[in-house]
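Only one structure is covered here, and it is reproduced in the block below.
The values are calculated or read from the model by the stated rules, or taken from the named source; none is laboratory data. As the structure is a prediction and not an experimental result, all values here were calculated from the model. FYI the Cβ positions are ideal-geometry reconstructions off the backbone, even for glycines, and counts take in every protein chain you see.
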Amino acid sequence: MFNPSVTTQQPLSLGQIYGDVTSRELFNNGTVSVRNATESAEDMEFVGKLVVEGFERKFVHATSRASLPAMRTLYSNNMKGRPPLFYERHFIAECNGEKAGVCVLRYHGDSKLFPERDEDVPPLGCCDLCGLVLLDLGTSTEVPAGKCYVDHITVDSRFRGKGIGKILLDMAEIDAKKRGCKEIFLGVATNNRAKNLYERQGYVTKETISLCCCGMWCLTGEREFASMEKVLI
Ligand SMILES: CC(C)(COP(=O)(O)OP(=O)(O)OC[C@H]1O[C@@H](n2cnc3c(N)ncnc32)[C@H](O)[C@@H]1OP(=O)(O)O)[C@@H](O)C(=O)NCCC(=O)NCCS
């Protein structure tokens, strides 16, 4: 005979607690939810699309507008077949169930744990490859032990200004604290309006970085970057 007291006392499976364990929900306020990325084709495609859209100017400077689809493929490929920890570094925000934003974190040692792979690079001409190498030179960042680096944060233009960026930064801080970090930092072009958001979140500019003459512009398409940091308490 069916006995409800027995069924309700069964321990919940991970799936019941977290929903689909491969895409565990980390935050939900009824409108916006945040979860880790998965290796699904949809997530890989979304991350590639959004990172390239959010930083389009940078990619067009490094390569060309015609190469933007290849840049999307590069970022999507980068998400294939990685260890579970890799997907924990990627946060996807959804607004009313629609994918809306991405935040990618990096910690000390990640470049060894998740190395760049030649096979992820789609066929590109020499000029595009050189442009990407220069961009990497201008933007690559060593992450010291005890710090968390916000590598990418981008929200679909249809959803900007609704607080999703703030929620993603809050989630980044929670993750950084969970992993024992005392500081979280990021780099932003000094003329990027996103600086307002970071200042409101408590980030302060530690230094501004520009290379002599037009060096930084040649590498990145931006003249000056601010390195911003927040102490986590
Ligand atoms: C920066 C960004 C992630 C913020 O997400 P969001 O959901 O719009 O952020 P919130 O609604 O929580 O906060 C609003 C703040 O976002 C920033 N913002 C909004 N639209 C922006 C845009 N088109 N470009 C840059 N920053 C923008 C501003 O700081 C804004 O505050 P302000 O109105 O006082 O200037 C998002 O605007 C974006 O993807 N921009 C393009 C990519 C980018 O520049 N990323 C940061 C690189 S360091």
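For Tyr203, are the conditions met, namely being aromatic (Phe, Trp, Tyr) and either touching a residue at least 40 places away in the same chain (Cβ under 8 Å) or away from the ligand (no atom under 16 Å from the Cβ) (or both)? Taking the combined requirement at face value, the residue does not satisfy it. Quick one: which of Glu199, Glu207, Glu183, Glu173 is touching an Asp or Glu at 6+ places or on another chain (Cβ under 9 Å) and charged (D, E, K, R)? It is Glu183.
Within segment 175-200, the set of residues being away from the ligand (no atom under 13 Å from the Cβ), charged (D, E, K, R) and surrounded by 14 or more Cβ atoms within 10 Å (Cβ to Cβ) comprises Asp175, Lys177, Glu183.
Of all residues in segment 144-173, which are touching a strand residue (DSSP E or B) at 6+ places or on another chain (Cβ under 8 Å) and more than 16 Å from the ligand (Cβ to nearest atom)? Matches in segment 144-173: Gly146, Lys147.
Taken over segment 71-90, the criterion of being more than 23 Å from Arg158 (Cα to Cα), in contact (Cβ under 8 Å) with a residue 24 or more places away in the chain and assigned to a helix (DSSP H, G or I) is satisfied by Leu74, Asn77, Leu85, Phe86, Tyr87, Glu88. As for segment 67-83, it holds no residue that is in contact with a strand residue (DSSP E or B) (Cβ under 6 Å, 6 or more places away or on another chain), surrounded by fewer than 21 Cβ atoms within 10 Å (Cβ to Cβ), farther than 30 Å from Cys214 by Cβ and not basic (Lys, Arg). Residues in segment 135-167 that are within 22 Å of Asp110 (Cβ to Cβ) and in a helix (DSSP H, G or I): Leu135, Asp136, Leu137, Gly138, Thr139. Output the residues belonging to segment 50-66 that are buried (at least 18 other Cβ atoms within 10 Å of the Cβ) and of a type in the set (Gly, Ala, Ser). If the condition is that a residue be buried (at least 18 other Cβ atoms within 10 Å of the Cβ) and of a type in the set (Gly, Ala, Ser), then Gly54, Ala62 are the ones that fit. Within segment 207-229, none of the residues are more than 10 Å from the ligand (Cβ to nearest atom), outside any strand (DSSP E or B), at pLDDT 95 or above and not acidic (Asp, Glu). Modelled with pLDDT of 95 or more, over 29 Å from Cys218 (Cα atoms) and not polar (S, T, N, Q), is that true of Ala93? So Ala93 passes the test. Scanning segment 160-174 for residues that are crowded, with 16+ Cβ neighbours inside 10 Å and touching a helix residue (DSSP H, G or I) at 6+ places or on another chain (Cβ under 9 Å) turns up Gly165, Leu169.
Residue-by-condition table, conditions (1) more than 19 Å from the chain's Cα centre (by Cα); (2) closer than 27 Å to Thr31 by Cα; (3) among the basic types (Lys, Arg):
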{"site": "Pro144", "(1), (2), (3)": "no, no, no"}
{"site": "Ile153", "(1), (2), (3)": "no, yes, no"}
{"site": "Lys162", "(1), (2), (3)": "no, yes, yes"}
{"site": "Asp170", "(1), (2), (3)": "no, yes, no"}
{"site": "Lys177", "(1), (2), (3)": "no, yes, yes"}
{"site": "Met216", "(1), (2), (3)": "yes, no, no"}
